[in-house]
Amino acid sequence: MTEQRGGRRKPVVDESCVLVDGPWQHRFVGANGSRFHVVEAGTGPLVLFLHGFPEFWWAWHEMLPAVADAGFRAVAVDLRGYGASDKPPRGYDGYTLAADIAGLIRGLGERTATVVGTGSGGMIGWTTAAFHPKLVRRLVVLGAPHPLRLRAALFSDPRGQFTASTPMLKFQIPRYEHTLTRDNAALVGEYLHRWGGQDWVSSTSFDSYAARCREAMQIPQAAFCAMEGYRWAFRSVLRLHGYRFVRLMQQPLITPTLQLHGAIDEASLPRTAQGSGRYVSAPYEWRLLDGVGHFPHVEAPDLVLGEILRWTKS
């Protein structure tokens with residue numbers, strides 16, 4: 001499929017690019033008024049995987065078969081606005097994104113799930129556990145400080161976390177999504193390279209992984225939707241619904257939580273993430289991963305898999 005641009009025909013990426021074959025099944029599940037693309041393998045207690053930015057469900061393709069083989073129902077989802085899931089123009093606030101995951105757990109026919117989220121998916125994991133605690137049996141977050149830790153660091157650490165969050169500040173610029181998709185979504189590859197650990201970005205697997213993420217971000221409306229969550233996060237700071245969000249997130253989390261964080265994460269700084277445990281009243285563990293950046297699930301998949309299974313089975 002192509003579209004006309006300045007007399008030249010440019011290929012148009014469609015959602016079929018994320019329907020990758022493998023030892024899993026693709027299907028669509030209705031939740032919270034939208035349709036979500038999910039990829040699943042295995043049977044047993046549900047482990048629901050949430051990708052981050054600038055990824056899609058493929059972030060977990062190495063984990064799904066291994067978690068399924070361990071006796072679980074492993075499901076990775078394209079979050080609202082990503083991949084083959086619906087891309088409505090609204091609904092990227094913290095409340096709605098958490099309600100998406102709660103609805104998805106129910107839509108999958110389950111009563112509870114272990115939720116595993118990385119990056120922005122980890123932030124959604126925090127909020128889902130806070131707003132829908134009965135549905136989240138256990139929580140694993142990677143590269144994601146508690147939302148209130150991040151909020152505080154943006155103000156208290158201007159040379160650290162505020163500077164690290166500069167790319168997200170640029171998302172506030174109207175129509176910046178066109179910059180994100182320009183030149184075959186080259187900026188997506190730059191983000192992955194900038195935030196990933198050196199061992200991973202210099203490996204043979206990096207280029208193919210980045211190519212898939214770049215292609216998925218070029219699906220129509222995906223880049224706009226990916227930015228909307230960050231736009232809400234920053235704009236809500238001085239708005240009433242933002243104050244309400246903070247008040248709700250201050251309630252102690254009753255979900256057992258494992259937090260894994262890369263020691264060289266330059267997107268969410270380790271010093272920002274440390275201290276998130278103060279918001280958890282249930283059992284909580286923190287582990288800093290040496291030599292790992294913002295994408296532990298692909299930089300150190302064996303280590304992360306072992307930790308996920310240990311926490312899920314305990």
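Taking the Cα centre of the range 98-232 as origin and charging only Cβ (+1 Lys, Arg; -1 Asp, Glu), how large is the dipole, in debye to the nearest 20? Let's see the in-between values first.
Numbers: 15 positive and 10 negative charges, 100 e Å.
Roughly 480 debye, rounded to the nearest 20.
Would you mind checking which residues have amide H under 5 Å from ARG73's amide H? H placed 1.01 Å from N; only 5 or more apart, or other chain.
Distant-sequence amide H within range of ARG73: GLY44, LEU46, VAL47.
Rounded, prolate or oblate: which one fits the range 170-229, using the alpha carbon gyration tensor with axes a ≥ b ≥ c (rounded when a/c is under 1.5, else prolate when a/b beats b/c, else oblate)? Kindly include the intermediate steps, with their values, before the conclusion.
On the way: a/c = 2.63, a/b = 1.83, b/c = 1.44.
Verdict is prolate for the range 170-229.
Taking R0 as 51 Å, what FRET efficiency do you get between ASP183 and ARG287 from their Cβ-Cβ distance, rounded to the nearest 0.05? Intermediate values should be presented prior to the final figure.
Values: r = 37 Å, r/R0 = 0.73.
Step by step, r from the Cβ atoms, then E = 0.85.
Quick one: if the Förster radius is 41 Å, what FRET efficiency do PHE155 and THR43 give, using the C-beta to C-beta distance and rounding to 0.05? Intermediate results must be reported in sequence, preceding the final value.
Numbers: r = 46 Å, r/R0 = 1.13.
The computed FRET efficiency comes out at 0.35.
Please list, in chain and number order, the residues 5+ apart from LEU289 or on another chain whose amide H is under 5 Å from its amide H, with Hs placed from the backbone.
Under 5 Å from the amide H of LEU289: HIS261, GLY262, ALA263.
Kindly provide the helix-only [θ] at 222 nm of the chain, computed as the sum of -39,500 (n - 2.57) over DSSP H runs of four or more divided by all residues, to the nearest 500 deg cm²/dmol?
About -12000 deg cm²/dmol.
Karplus couplings for the range 236-245 from phi (6.51 cos²θ - 1.76 cosθ + 1.60, θ = phi - 60°), rounded to Hz, Gly and Pro as x?
Values, residue by residue: 6, 4, 10, 10, 4, 5, x, 5, 5, 4 Hz.
Using the 10 angstrom Cβ neighbour count as an exposure proxy, how do HIS132, HIS261 rank, fewest first?
Working: HIS132 18, HIS261 25.
Taking fewest neighbouring Cβ atoms as first place, the list is HIS132, HIS261.
Check which residues have an amide H placed less than 5 Å from TYR284's amide H, if you skip close sequence neighbours.
Distant-sequence amide H within range of TYR284: THR257.
Which of HIS193, TYR284, LEU260 sits closest to the plus end of the dipole of the range 159-289, meaning its Cα is farthest towards the positive end, when Lys and Arg get +1 and Asp and Glu get -1 on the C-beta?
Farthest towards the positive pole: TYR284.
Which order do the peptides 18-25, 291-298, 60-67 take when ranked by the mean count of other beta-carbon atoms within 10 Å per residue, highest first? Before the final figure, lay out each step's value.
Numbers: 18-25: 13.4, 291-298: 24.4, 60-67: 20.9.
Ranking the peptides 18-25, 291-298, 60-67 by packing returns 291-298, 60-67, 18-25.
How would you classify the range 237-286 from its alpha-carbon gyration tensor, with a ≥ b ≥ c the square roots of the eigenvalues: rounded for a/c under 1.5, else prolate if a/b is greater than b/c, otherwise oblate?
Numbers: a/c = 3.47, a/b = 1.28, b/c = 2.72.
It comes out oblate by the Cα gyration axes.
Could you size up the charge dipole of the range 1-111 around its Cα centre, putting +1 on the beta carbon of Lys and Arg and -1 on that of Asp and Glu, and report it in debye to the nearest 20?
Working: 12 positive and 13 negative charges, 89 e Å.
So the dipole magnitude of the range 1-111 works out to roughly 420 debye.
Give me the distance in nm between label points sitting 7 Å out from Cα along the Cα-to-Cβ direction at ALA263 and ASP199, one decimal.
1.0
Determine ³J(HN,Hα), in whole Hz, for all residues of the range 160-174 in sequence, where each value follows from phi through the Karplus function 6.51 cos²θ - 1.76 cosθ + 1.60 and θ = phi - 60°; x replaces Gly and Pro.
Result, ordered by residue: x, 5, 4, 5, 4, 8, 3, x, 6, 5, 5, 5, 6, 5, x Hz.
Bear in mind that the values in this text are calculations on the coordinates, not laboratory data. Bear in mind that the values here come from a model prediction, so they are computed numbers and not experimental data. Please note: Cβ atoms are built from the backbone with ideal geometry, for glycine as well, and neighbour counts cover all protein chains shown.
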